[in-house]
1. Where does each of A:102-109, B:135-142, A:19-26 land if you order them by average Cβ count within 10 Å, highest first?
2. Placing a label point 7 Å from Cα toward Cβ, how far apart in nm is A:L105 from its equivalents in the other copies, listed shortest first to one decimal?
3. Please work out whether region A:111-156 counts as rounded, prolate or oblate from its C-alpha gyration tensor, where a ≥ b ≥ c are the square roots of the eigenvalues and a/c under 1.5 means rounded, while otherwise a/b larger than b/c means prolate and anything else oblate?
4. Show that you can apply the helix-only estimate: for chain A, add -39,500 (n - 2.57) for every DSSP H stretch of four or more residues, divide by all residues, and state [θ] at 222 nm to the nearest 500.
5. If you take each beta carbon of peptide B:86-99 and count the beta carbons of other chains within 10 angstrom, what is the mean?
6. Given points 7 Å out from each Cα along the Cα-Cβ axis, report the A:A124 to B:D14 separation in nanometres with one decimal.
7. Distances from A:H123 to the same residue in each other copy, label points 7 Å out along Cα→Cβ, in nm, shortest first?
8. Relative contact order for region A:43-156 using alpha-carbon pairs under 8 Å, separation at least 6, rounded to a whole percent?
Number of protein chains: 2
Amino acid sequence: MTWKDPEKWQKMIDGTACPFCKDIHLDENRFSFKVFEFPNSIVRLPKNQYKRGWTVVALKRHATELYELEPNELAGFFEEVAMVAKALKTVFDPVKLNYSIFGNLCPHVHCHVIPQYMSDDPHAPIKMDEAEVLLTQEEYWSMIDQIKDQLVLNKH
Amino acid sequence: MTWKDPEKWQKMIDGTACPFCKDIHLDENRFSFKVFEFPNSIVRLPKNQYKRGWTVVALKRHATELYELEPNELAGFFEEVAMVAKALKTVFDPVKLNYSIFGNLCPHVHCHVIPQYMSDDPHAPIKMDEAEVLLTQEEYWSMIDQIKDQLVLNKH
C-alpha cells in the first residue's frame with residue numbers, strides 16, 4: 001500500500017481510500033490512541049513506544065502535501081505540532097525533539113514528534129518499524145493523561 | 001558535536017557556538033549552496049545530492065525547537081517550507097515529499113525537504129550520510145536556477 005502500487009496509491013492520495021481518514025478520530029485504532037483534538041489536528045500516541053513519548057499529530061482533513069493547505073490551516077497545524085513538542089519536552093525531558101512528515105506508507109499529512117534522549121545515538125535514522133515496544137494499558141493511559149494535561153495547561 | 005558532548009551541545013543550543021548561524025548566509029559553505037532567501041529562512045541545496053533535489057530550509061535566526069518561535073514566525077517558516085516543496089514537486093516530479101526537522105547534529109531549526117521517487121523504497125529511513133553523490137558545478141547551478149525560478153514564479 002505505497003507508491004509501488006500506483007492504483008491504490010492514487011486512491012490514497014486523492015482521499016477516496018485513505019486509511020488515516022477512516023480511523024484517526026477513534027479513541028483507539030490498530031496503531032494508536034487518541035490523546036487530544038485540536039482545531040486542525042488529532043494528536044495520537046502510537047502503541048509502539050520504542051521511542052518513549054513518540055507522538056503523531058495528524059491533520060483532520062485529507063491532504064497529502066503541505067502546499068495543499070491554506071495559509072491559516074498550515075499555520076494552525078504547526079502551532080499545534082509546536083504545542084505537542086512543548087508538552088513532550090515537559091513530560092519526557094528529551095535532549096532534542098525531531099519532527100517528521102513522511103507519508104510514504106499513508107499519504108495523509110501527519111507529523112511524527114519524536115523525543116531524542118541523551119542515551120540515544122544522534123546519528124541513528126528514524127525507522128518506525130525498527131523495534132516494537134508495547135506497554136500496558138495503564139502505562140498508555142498515564143502517558144496520555146500527562147501529555148493531555150500539558151496541552152490543556154499550555155493552551156490557557 | 002552532538003548531545004554526547006553536553007558542554008558543546010549547550011553552546012550550540014543557546015546559539016553561542018552554532019555552526020549554522022556562522023555560514024547559512026554564505027553563497028557556498030562546506031556542505032551546501034544558497035538557493036534563495038525568504039523573510040524567515042534561507043533555502044540551501046546540499047552538495048550531497050544522493051537524493052536528487054534534496055533541499056534544506058534553514059531558519060535565519062537561531063532557535064532549536066519549534067515552540068520557541070513566535071506564531072507569525074512559525075507560520076511564515078512553514079509557508080516557506082511549503083513553497084519549497086511545491087517548487088521541488090514541479091522541478092523533480094517526485095511521487096511524495098518528506099519534511100524532516102532533526103537538529104541532532106546541529107540544533108538550529110532547519111527542515112530537510114526530500115523528494116521520494118517511484119523507484120525509491122518507501123520503507124527506507126532518511127539517512128543523510130547513507131551515500132555521497134557529488135555533482136558538477138554546472139549541475140548544481142542548473143538545479144539551483146530551476147528551484148529559484150519556481151520559487152519566484154510561485155511568489156507572484
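1. My ranking of the peptides, most packed first, is A:102-109, A:19-26, B:135-142.
2. Result, one decimal in nm: 2.6.
3. Here region A:111-156 falls in the oblate category.
4. Here the helix-only value at 222 nm equals -11000 deg cm²/dmol.
5. 4
6. 2.9
7. 2.5
8. Reported as a whole number, the value is 35 percent.
Values quoted throughout were computed directly from the atomic coordinates according to the rules given, and no laboratory measurement underlies them. None of the values given here were measured: they were computed from a predicted structure. As a convention, Cβ positions derive from the backbone with ideal geometry for all residues, glycine included, and neighbour counts pool all protein chains shown.
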